[in-house]
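The values are calculated or read from the model by the stated rules, or taken from the named source; none is laboratory data. Computed from a prediction, not measured in an experiment: that's the story for all the values here. Reconstructed Cβ throughout: ideal geometry from the backbone, glycine too, with neighbour counts over all protein chains shown.
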């Protein structure tokens, strides 16, 4: 029986400026949350210090507020407190789930028994594991730690896509949970943070579907209950490729500086979703009235065809700036 309110989170990484693809995902997440009476948390996932861009955290918070998105507690940063992640690693080590690994990505990639897995990442074959007995310790710069992944499918039900199955053993093998930098990997960090922040509903891009299976394995190993999953299609660039932060012309910062308004971006999102008949400015609060689980399921069903996914082209950018 659920005793705490349903909760979702916005979890941007401050590795650059937010772009139009982020805007759609975050606007739809916030609108769904408000329509369903969920709490919204803002968590800045800043563990990868080599990719974090100076000032990006502050710009991210500002841009989300400019879009008309609000949240129900002060923003948090993962780097502010590593103790919950360290506690999780001790539990995994005590249960024998993890092992130390001194192999580099290049060595894993070049291993004859490690063909490339999901999206070209090097698969860590169980035969590359070291002999048993090396317990967890804080990374010293010469090792990471990995989760032991046994063969078998992980099944889950996505609220928008329905039943899904993945086999992490075949796709990635034993995956990293603690890095050489002395911080948790993305997979461990998101599992621990979602649990300790009481997140019941995870809404994010469908590029993270395969990660869901890996996170479920970690949740099982840690004795945690999984949240409900909601995976949204991504926005593409003019050529049909996934938008990236390096596409500066699509950044919200750039668009705002050249005349775009939050109302135009909300209207564009609603038009992309086919909830309004033509591109037109729309109050972000009105967007909330259009977003329901049913309207999102219809959107996802339509955009399973890559050709039906919205693209950001020069015409789109001109319209946004024609305020």
Has region 270-283 got at least one residue that is part of a helix (DSSP H, G or I) and either in contact with a strand residue (DSSP E or B) (Cβ under 8 Å, 6 or more places away or on another chain) or surrounded by fewer than 18 Cβ atoms within 10 Å (Cβ to Cβ) (or both)? no
The residue from 242, 256, 321 that alone is touching a helix residue (DSSP H, G or I) at 6+ places or on another chain (Cβ under 9 Å), within 15 Å of residue 23 (Cβ to Cβ) and buried (at least 17 other Cβ atoms within 10 Å of the Cβ) is 256
Report whether or not residue 96 is surrounded by 12 or more Cβ atoms within 10 Å (Cβ to Cβ), assigned to a loop (DSSP other than H, G, I, E, B) and out of contact with any strand residue (DSSP E or B) (no Cβ under 7 Å at 6 or more places or on another chain). no
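Can you say whether residue 202 is in contact with a helix residue (DSSP H, G or I) (Cβ under 8 Å, 6 or more places away or on another chain), surrounded by 18 or more Cβ atoms within 10 Å (Cβ to Cβ), assigned by TED's automatic domain parsing to the domain that holds residue 108 and in contact (Cβ under 8 Å) with a residue 40 or more places away in the chain, as far as the supplied structure shows? Working first, answer last.
Values: in contact with a helix residue (DSSP H, G or I) (Cβ under 8 Å, 6 or more places away or on another chain): yes; surrounded by 18 or more Cβ atoms within 10 Å (Cβ to Cβ): yes; assigned by TED's automatic domain parsing to the domain that holds residue 108: no; in contact (Cβ under 8 Å) with a residue 40 or more places away in the chain: yes.
For residue 202, the condition - in contact with a helix residue (DSSP H, G or I) (Cβ under 8 Å, 6 or more places away or on another chain), surrounded by 18 or more Cβ atoms within 10 Å (Cβ to Cβ), assigned by TED's automatic domain parsing to the domain that holds residue 108 and in contact (Cβ under 8 Å) with a residue 40 or more places away in the chain - is not met.
Residues that are buried (at least 19 other Cβ atoms within 10 Å of the Cβ) and not in a strand (DSSP E or B): does region 1-10 have at least one? Break it down stepwise before answering.
The initial filter retains those residues of region 1-10 that are buried (at least 19 other Cβ atoms within 10 Å of the Cβ), namely 7-10.
Within this subset, residues satisfying the condition of being not in a strand (DSSP E or B) are none.
No: region 1-10 contains no residue that is buried (at least 19 other Cβ atoms within 10 Å of the Cβ) and not in a strand (DSSP E or B).
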The residue that is surrounded by the fewest Cβ atoms within 10 Å (Cβ to Cβ), considering only those in region 284-309 that are outside any helix (DSSP H, G or I) and at pLDDT 95 or above, is 292
With criteria (1) at pLDDT 95 or above; (2) over 30 Å from residue 316 (Cβ atoms); (3) in contact with a helix residue (DSSP H, G or I) (Cβ under 9 Å, 6 or more places away or on another chain), residue 11 comes up short on (2)
